[in-house]
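What follows is a single structure, written as structure tokens, with notes after it.
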Amino acid sequence: MSELLNKIQQHLNTHCENAVLSATMEREFPCLVIEKKQLFAVLTTIKNDLGFSFLTTMCGIHYPDQGEQEFALMYQFHHLPNNERFRIKIFMPKSDLDVPTVSGLFATANWMEREAFDFYGFKFTGHPDLRRILNMDEMNYHPLRKEYALEDSGRDDKQDKYFGR
Amino acid sequence: MSKNIETLHTEEKDYTTLNLGPTHPATHGIFQNVLTMDGEIIVKAVPTIGYIHRAFEKLAERRPYNQITPITDRLNYCSSPINNMGWHMTVEKLIQCEVPKRAEYMRVIIMELSRIADHIVCDTVIAVDTGAMTGFLYLFQWREKIYEIFEAICGARLTTNIGRIGGMERDFPEDAWRRIHAFMEEFPAALKEFDKLVTRNRIFMDRTINCGPISGERALEYGFTGPNLRAAGVDYDVRVMNPYSSYQDFDFNIPVGTNGDTYDRYSVRMDEMWESMKIIRQAIEKMPSGDFHAEVPEFYLPEKQDVYSKMEALIYHFKIVMGETDVPKGEVYHSVEGGNGELGFYLISDGGRTPFRLHFRRPCYIYYQAYPEMIEGGMLSDAILTMSSMNVIAGELDA
């Protein structure tokens, strides 16, 4: 599968200069990290020129300890005729969560982006209907961020030291 | 049937706003759609979802791996064993665990049985929505028989929590085999009877053909998978494209439709039930002997008598029950062909006892966004039928 990775990388190097920040195989799965500014251009070319027209899934990720790379978005593509898959990630700091929408390229991205907005607070610029989707509209925080602990913080019977962690 | 929406918009008319749902007896679950109606024609539909959102992705970040299986039960609860096993296979991919052939075949039997159960629900409910109650009553009892098989295997019926990371919790008991054989023998006649009653019924065909159609291209753009995509003529099936759990060993067809309308979605599911029967029959015939679980003591509960008499077994028992098993770092994606399409698990592990991030690719969530496009311009009664033929399951939709 690493030929696929090389192919995509070469294609992006010629079509979107300096877009690829890193290209690795994650458990035999091609995985590219790209420049956020180039996201729309990259997704356009991989859809139109490389034929990865099926957006399998996308989701947000929060790495609270990574500073400038605190938030990430993952897009996973599938080339159905060749049965090739790969994923793209972009990273951004908390201060800059504006991401161009790709719902015009992939109709399916519409609700996926709404979910990422709902859970993490990414602002998809140009999205036709960026509202919360699973949580209620009145909610004033983005619950999947790591700062919101799942357990009640007042509990003292579940501290890590009791479990030898 | 479908009037041009453009002309509807330019005509000056008083439209009626109709709140379909959230709890409407015709919608089979908690879905809300705010419809703008012109008489009986739907001009615009705005769906609201999330009524049974339970934050599974957040919950999973706090739970050890084996305790996430019960969460997956509650995604598509019409075929929960497929979700369970999809999750187990994801973890197995992460910990690089080789599962014995026997366990894989057992999984195939269970997954195909639950696919049949899932499709029985969908197809009979389509029939009910067109007014054919009888077929529903005849076929639905076979879903009960499938649940009895699950009960014999794992003790649970609807939310099964079946299998373990690394294989099955126990071999099929005698009772389960008896029930499986009885099912294999008797179900074809019942399915044929339902088929005769409904499939070529003039009223049913008039009602469902060209109702809520979607083209193959549009379906792909919307990320359709599973029977709904195949009804539109695209032969994408995860079982064939990326075989898991030894699906490459079995000989079966992928049924496809042409128009992507309600009738095609119904027919594809009917044919898939026959294909599932074929797979189960082959799996029973070729069932290999051997162990029914892999050697992964960190994830697989030891025998109870060993826990009382052996040190290692006691340690592993404690670690599993308390959820103290660390897993390797990594990032994996695994998908299975669920009842509704590609059910994917995107898992990031940072090496701890719980996932760092777990994202479910729920087929329902992804294809339900095409619903407004599919019903706009059609009649209200077609909208109900379209929804039931898409088999939107609230649990999977809202996660």
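Each value in this text was obtained by applying a stated rule to the coordinates, not by laboratory testing. Since we're looking at a predicted model, the values are computed, not measured. Cβ: placed from backbone, ideal geometry, glycine included. Neighbour counts: every protein chain shown.
Sequence-ordered 3J(HN,Hα) estimates for segment B:64-73 from the Karplus curve with 6.51, -1.76 and 1.60 and θ = phi - 60° stand at x, 4, 6, 8, 8, 3, x, 5, 5, 3 Hz, glycine and proline given as x.
Filter the cross-link list B:Lys145/B:Lys304; A:Lys161/B:Lys319; A:Lys161/B:Lys58; B:Lys44/B:Lys196 down to pairs whose alpha-carbon distance in this structure exceeds 26 Å.
Values: B:Lys145/B:Lys304 31 Å; A:Lys161/B:Lys319 15 Å; A:Lys161/B:Lys58 23 Å; B:Lys44/B:Lys196 37 Å.
In this structure, B:Lys145/B:Lys304; B:Lys44/B:Lys196 exceed 26 Å between Cα atoms.
Label zone of B:Glu98 (point 7 Å out along Cα→Cβ, amide N under 17 Å): in segment B:159-174 this covers B:166-167. Just so you know, the averaged projected area of the alpha carbon convex hull for segment B:133-290 sits at 10.8 nm². Normalised Debye scattering of the protein assembly as shown at q = 0.06, 0.10, 0.12 Å⁻¹ gives log10 I(q)/I(0) of -0.31, -0.88, -1.26, counting only Cα atoms as equal scatterers and leaving out solvent.
Each residue of segment A:126-131 is assigned a 3J(HN,Hα), and the resulting list reads x, 5, x, 7, 8, 10 Hz, derived from the Karplus form 6.51 cos²θ - 1.76 cosθ + 1.60 (θ = phi - 60°), x at Gly and Pro. Taking R0 as 45 Å, what FRET efficiency do you get between A:Glu151 and B:Asn210 from their Cβ-Cβ distance, rounded to the nearest 0.05? For A:Glu151 and B:Asn210, the calculated efficiency is 0.30. Spread over its residues, the convex hull of the C-alpha atoms of segment B:108-181 is 85 Å³ per residue. Evaluated with a Cβ-only charge set (Lys, Arg +1; Asp, Glu -1), segment A:9-165 carries a dipole of roughly 220 debye about its Cα centre, given to the nearest 20. Please go through the residue pairs A:Lys7/B:Lys93; A:Lys47/A:Lys94; B:Lys101/B:Lys278 and name each one whose alpha carbons sit more than 21 Å apart in this structure. Beyond 21 Å: A:Lys7/B:Lys93; A:Lys47/A:Lys94. Estimated from the Cβ-Cβ distance and a Förster radius of 25 angstrom, the FRET efficiency linking B:Asp235 and B:Thr199 is about 0.75. With Cα atoms as the point set, chain B shows a radius of gyration and Dmax of 22.2, 82 Å. A Cβ-based charge dipole, computed about the Cα centre of segment B:300-384 with Lys and Arg at +1 and Asp and Glu at -1, lands at about 380 debye. Pair-distance distribution of segment B:261-375: all C-alpha pairs, bin width 5 Å, starting at 0; shares per bin in whole percent are 2, 9, 10, 12, 13, 13, 13, 12, 8, 5, 2, 1, 0. Taking Cα atoms only, the orientation of helix B:380-390 departs from the longest principal axis of chain B by about 20 degrees. One equal scatterer on each Cα of segment B:307-348, no solvent, Debye formula: the resulting log10 I(q)/I(0) at q = 0.32 Å⁻¹ is -1.00. Spatially, segment A:71-115 and segment B:354-399 are offset by 20 Å when compared through their Cα centroids. Spin-label model, B:Met322/B:Glu144: points 7 Å from Cα along the beta carbon direction are separated by 4.6 nm.
Using the average count of surrounding beta-carbon atoms within 10 Å as a protection proxy, the listed peptides A:97-105, B:207-215 rank, highest first, as B:207-215, A:97-105. Remark: chain A projects, on average over all directions, an area of 12.0 nm² (convex hull of Cα atoms).
Dipole of the protein assembly as shown, Cα-centred, from +1 at each Lys and Arg C-beta and -1 at each Asp and Glu C-beta, to the nearest 20 debye? Intermediate values should be presented prior to the final figure.
On the way: 60 positive and 81 negative charges, 97 e Å.
It works out to roughly 460 debye.
Between the beta carbons of A:Lys7 and A:Glu138, assuming R0 = 45 Å, the FRET efficiency works out to 0.45 to the nearest 0.05. Using a simple spin-label model with pseudo-atoms 7 Å out from Cα toward Cβ, B:His181 and B:Tyr15 lie 6.1 nm apart.
Quote the relative contact order of chain B in percent (integer), defining contacts as alpha-carbon pairs under 8 Å separated by 6+ residues.
27
Just checking the output field for B:212-225: average partner chain Cβ neighbours within 10 Å of each residue's Cβ? Across the residues of B:212-225, the mean count of other-chain Cβ atoms within 10 Å is 3.
Just rank A:Met58, A:Met92, fewest to most, by other beta-carbon atoms within 10 angstrom. Each step should come with its number before you reach the end.
Values: A:Met58 23, A:Met92 17.
Ascending Cβ contact count within 10 Å gives the list A:Met92, A:Met58.
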